[in-house]
Amino acid sequence: MKATDKKQVVLEILAEYRYTPPKVERGYANQTLYVNVSDNTIAAKPVDEKMKHTFVGGRGFGLWLLWNAVRGTTKWNDPDNEVILSSGPIGGTTVYPGSGKSIAVSLSPLTGTVMDSNVGGHFGPLLKFSGWDAIEVQGKADREVIVFVDGNKGVVQIIAAPELADDSYALPEQLLDLFAETDEERIGISSVSTGPGAQHTLMGCLNVSFYDPRRKFVRLKQAGRGGIGTVFRHKKIKALVVKYIGVKGDSNGPASWAELTEVGKRMHREIYEQDPIMNDMRGNGTPYLVSIMNEFDLLPVHNFRYGSHPEASNLYHTEFRKHYSLGIPDGCWYGCTLACSKCVERFQLRTGPYKGQWVHVDGPEYETIAGVGSNCGIFDPYAVLEINFYCDTYGIDTISFGTAMAFCMECYETGILNKERTNGLELRFGNAEAMLEALHQMGRGEGFGTVVGQGVRRMKQFFAEKYGADPAFLQDIGMECKGLEYSEYVSKESVAQQGGYGLANKGPQHDEAWLIFMDAVTKQIPTFEDKAEALHYFPMFRTWFSLNGLCKLPWNDVEPADNKRKYPPRIAARVPEHVHNYIELFTAVTGREDIKEPEDLVLMSERVYNFQRIFNLKMGFGTREHDAIPYRSMGPVTIEEYESRAERYDQQLREIGFDPEAKSTKEKLAALRRHREQRYESLIDAVYKRRGWNSQGIPTLETVKRLGIDYPDVVALLKEHLQ
């Protein structure tokens, strides 16, 4: 990689703002940073107690700032749209594992409404220690710019971007060269960038960097979902860069250092003892999930048609572990003993602009392996690593890319697409070479790859209009909801998970609710009321992590040794001792004395969750029709799918009083479909009722009043829709 010679680069400062960095107190800097790249405005906005109490931080701050920035008619590519990043009050804590998350918020090119996406790396914490709880970037520059925050000197600059690399592999290294005065300062710099694929598609991701001092190169984590990288690129933002030297254990200004270190020690000890005998995240990272999902028929295979495959073992964590450089701290923020951010240090690429070069690859995570691997019929770990590298380098979300490619492959194998329509790409399941070429086309902005980059929803419409494909079939097999591609779990046997996907505010992403095991495997939530309660509690509780700058993994990917013995199964799933840890952690940082019970955490999330639902309503979404899901996420679409699990499906038909004997597969498919679609509608009714929404999925006036979010514009919007 060619380094940037700082002496040869003359930076053109377009605007500069000087400030006195405030001391972070009880998790807050108490101001946010506003930057408009159209007119080069830079300003501070205060954070008051009401904003902290209602929206907490992170995703909550992002939603509130964006709500006040856009109108209901604003589109993703309007200058008024913003890209916002915020950590949260606990974000930046170094004594509790998983405390370095940032949350990006914007209007999504894929869904047309508000999107949130969480990411590791150092940007959010360093931004806060520089004196800002969030950064919101609005406008559209007339040339590429860099927004630079120097938290030690108290300077914010908008800089005309000099000639730098166009992709997220080389660019973050060059930014370190540009802004670090010494080698020691490299550890105090983090950037946000994307790549050329974000410009040519609607599924662009943000790459957030952190410097790995032991490996001596920059590593990346992704805010992948919803195309926020595409918005970033459209605004002509080359990068956001923050520099802060001097992170200490108490940089977050906790209210009680003693209480904070006590709860931190307890959790670290538990991870050291329990993780090796549970999931071994420290050794394997999230790829350990592949074997489990395959075993329980939950691993997406061939566009979610099946849940397992005989060759899936080629993608197990054991295949990737042999390439990791282990024995080196792998946390994406200081103090994370779970340390799941694995890295392949030396990997030689076979294709693309870096062909023949040895590079490092961050990951792959489970979602990437399942998305670009098994779901596309690719069981070659080297192909998965190469696709992972180029998705990050081009700034493309691996989940949307994998799910969109799997959809195209099924369209190809069913004759909707052919080589003429794909400009020569033979997009059959398992063809990694064709898949990589489509990915490179996204990076270059040419060919059929740019069609794939429009996402599944737009491709469905395009294939129906241009090629005469059956719209109903495309709707059945196109795995998107609200315009966002599904994340990588087969939900056919769990109606609760179908709701977890369909009812998620942003679209089908598992970080709101993951209930497959509780529902389909351990059968802990048999009734609709049970499922509705789970679809109330878990999305609210998981939302709480995104308000505070926390990673979810230390909550339930490692558990106390006696968790399952001490509590009944449905309670054990909540990991009560860890929930109490979070109460102690939150109060130790913020000093708030009104947070004492688990219900208090849920209430904090419930305010923001309902506000996001109402935000969707403001943007023209947020009602029952937008919670509809493709039938493949409920059950088998094709005869081939049904017959692959015929014994299971026949038995389920008998249980609902339908005799499958002497019936054709087509008749059985139809009967099963009627049952499963009715079941999903019943689930929606139960969940809406539990959440305090009306039958169309709109929060009632009583609900918003109870939550304290009955602002005049919110009430006016609801009255308009509740009539």
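The values are calculated or read from the model by the stated rules, or taken from the named source; none is laboratory data. None of the values given here were measured: they were computed from a predicted structure. Cβ coordinates were reconstructed from backbone atoms using ideal geometry, including for glycine residues, and neighbour counts include every protein chain displayed. The protein model used for the area step is the full one, side chains on, heavy atoms only, and it has no ligands, DNA or RNA in it. Shrake-Rupley method; radii C 1.70, N 1.55, O 1.52, S 1.80 Å.
Of the numbered criteria (1) modelled with pLDDT under 95; (2) surrounded by fewer than 24 Cβ atoms within 10 Å (Cβ to Cβ), the one GLY285 fails is (2). The set of residues in region 639-668 that are open to solvent by less than 30 Å² (accessible area, probe 1.4 Å) and under 18 Å from PHE473 (Cα atoms) comprises GLU641, TYR642, THR665, LYS668. All of (1) open to solvent by 30 Å² or more (accessible area, probe 1.4 Å); (2) more than 22 Å from LEU553 (Cα to Cα); (3) not hydroxyl-bearing (Ser, Thr, Tyr) hold for ASN279 with one exception: (2).
Quick test for you: out of ASP397, ASP380, pick the one residue that is under 22 Å from the mean Cα position of the chain (by Cα) and either surrounded by 21 or more Cβ atoms within 10 Å (Cβ to Cβ) or more than 16 Å from GLU488 (Cα to Cα) (or both). Quick ask: steps written out before the conclusion?
Details: ASP380 fails: under 22 Å from the mean Cα position of the chain (by Cα).
None of the other options fit; the residue is ASP397.
Exactly one residue out of LEU535, LEU439 is out of contact with any Pro (no Cβ under 9 Å at 6 or more places or on another chain), among the hydrophobic types (A, V, I, L, M, F, W, C), within 16 Å of ILE399 (Cα to Cα) and touching a residue at least 40 places away in the same chain (Cβ under 8 Å), and it is LEU439. Looking at GLU446, GLU413, just one residue is surrounded by fewer than 22 Cβ atoms within 10 Å (Cβ to Cβ), in contact with a Lys or Arg (Cβ under 8 Å, 6 or more places away or on another chain) and acidic (Asp, Glu), and that residue is GLU413. All but one of (1) in contact with a strand residue (DSSP E or B) (Cβ under 9 Å, 6 or more places away or on another chain); (2) crowded, with 24+ Cβ neighbours inside 10 Å hold for ARG457; which doesn't? Unmet for ARG457, out of (1) in contact with a strand residue (DSSP E or B) (Cβ under 9 Å, 6 or more places away or on another chain); (2) crowded, with 24+ Cβ neighbours inside 10 Å: (2).
Taken as a whole, the structure places ILE84 among residues that are free of Cβ contacts under 8 Å to residues at least 60 places away in the same chain and either under 17 Å from the mean Cα position of the chain (by Cα) or open to solvent by 10 Å² or more (accessible area, probe 1.4 Å) (or both).
Residue check: is GLU465 out of contact with any strand residue (DSSP E or B) (no Cβ under 7 Å at 6 or more places or on another chain), touching a residue at least 12 places away in the same chain (Cβ under 8 Å), open to solvent by 10 Å² or more (accessible area, probe 1.4 Å) and more than 28 Å from ALA383 (Cα to Cα)?
Details: out of contact with any strand residue (DSSP E or B) (no Cβ under 7 Å at 6 or more places or on another chain): yes; touching a residue at least 12 places away in the same chain (Cβ under 8 Å): no; open to solvent by 10 Å² or more (accessible area, probe 1.4 Å): yes; more than 28 Å from ALA383 (Cα to Cα): yes.
Answer is no for this residue.
Beta carbons closer than 6 Å, at least 6 apart along the sequence or on distinct chains, pair a first residue in region 379-395 that is over 13 Å from LEU439 (Cβ atoms) and modelled with pLDDT of 95 or more with a second that is open to solvent by 10 Å² or more (accessible area, probe 1.4 Å) and among the acidic types (Asp, Glu) for PHE379/GLU311; PRO381/GLU319. ILE237 - would you say it is modelled with pLDDT of 95 or more, open to solvent by less than 20 Å² (accessible area, probe 1.4 Å) and over 27 Å from the mean Cα position of the chain (by Cα)? In short, no.
Only a single criterion out of (1) crowded, with 19+ Cβ neighbours inside 10 Å; (2) touching a residue at least 60 places away in the same chain (Cβ under 8 Å); (3) of a type outside the set (A, V, I, L, M); (4) closer than 22 Å to ALA198 by Cα is not satisfied by CYS408, namely (2).
Looking at ALA628, is it small (Gly, Ala, Ser), more than 19 Å from TYR501 (Cβ to Cβ) and surrounded by fewer than 19 Cβ atoms within 10 Å (Cβ to Cβ)? When the stated conditions are applied, ALA628 does not pass them. Applying the condition of being of a type in the set (A, V, I, L, M, F, W, C) and more than 21 Å from ASP519 (Cα to Cα) to region 302-326 and asking which residue is modelled with the lowest pLDDT yields LEU326.
When you look at SER256, is it small (Gly, Ala, Ser), surrounded by fewer than 21 Cβ atoms within 10 Å (Cβ to Cβ) and under 26 Å from the mean Cα position of the chain (by Cα), yes or no? Judged against the criteria, SER256 is not a match. The set of residues in region 465-509 that are in contact with an Asp or Glu (Cβ under 8 Å, 6 or more places away or on another chain), within 23 Å of SER291 (Cα to Cα) and in a loop (DSSP other than H, G, I, E, B) comprises MET479, TYR486, SER487, GLU488, VAL490, GLU493, SER494, PRO508.
Listed by first and then second residue, the pairs linking a residue in region 340-361 that is farther than 19 Å from ASP380 by Cβ and open to solvent by 10 Å² or more (accessible area, probe 1.4 Å) to a residue that is in a loop (DSSP other than H, G, I, E, B) and of a type in the set (Asp, Glu), with Cβ atoms under 9 Å apart and 6 or more places separating them unless they lie on different chains, are CYS340/ASP330; CYS340/GLU365; CYS340/ASP557; PRO353/ASP167. Determine whether region 541-555 contains at least one residue that is without any contact (Cβ under 8 Å) to a residue 60 or more places away in the chain, over 20 Å from MET281 (Cβ atoms) and in a helix (DSSP H, G or I). No. Among the residues of region 614-624, not a single one is at pLDDT 95 or above, over 13 Å from ASN505 (Cα atoms), among the hydroxyl-bearing types (Ser, Thr, Tyr) and open to solvent by 10 Å² or more (accessible area, probe 1.4 Å). Summed over region 296-323, the residues that are open to solvent by 20 Å² or more (accessible area, probe 1.4 Å) and not acidic (Asp, Glu) give a count of 15.
Just wondering, is there one or more residues in region 593-607 that are out of contact with any His (no Cβ under 8 Å at 6 or more places or on another chain), small (Gly, Ala, Ser) and surrounded by 24 or more Cβ atoms within 10 Å (Cβ to Cβ)?
Scanning region 593-607 turns up no residue that is out of contact with any His (no Cβ under 8 Å at 6 or more places or on another chain), small (Gly, Ala, Ser) and surrounded by 24 or more Cβ atoms within 10 Å (Cβ to Cβ).
For beta carbons closer than 8 Å, sequence separation of 6+ or different chains, a first residue in region 235-248 that is within 13 Å of LEU206 (Cβ to Cβ) and a second that is at pLDDT 95 or above and open to solvent by 40 Å² or more (accessible area, probe 1.4 Å), the qualifying pairs are LYS235/PRO79; LYS235/LYS140; ILE237/GLU144; LYS238/GLU144. In this structure, is ALA312 closer than 30 Å to PHE429 by Cβ, in contact with a helix residue (DSSP H, G or I) (Cβ under 8 Å, 6 or more places away or on another chain), touching a residue at least 24 places away in the same chain (Cβ under 8 Å) and not charged (D, E, K, R)? Answer is yes for this residue.
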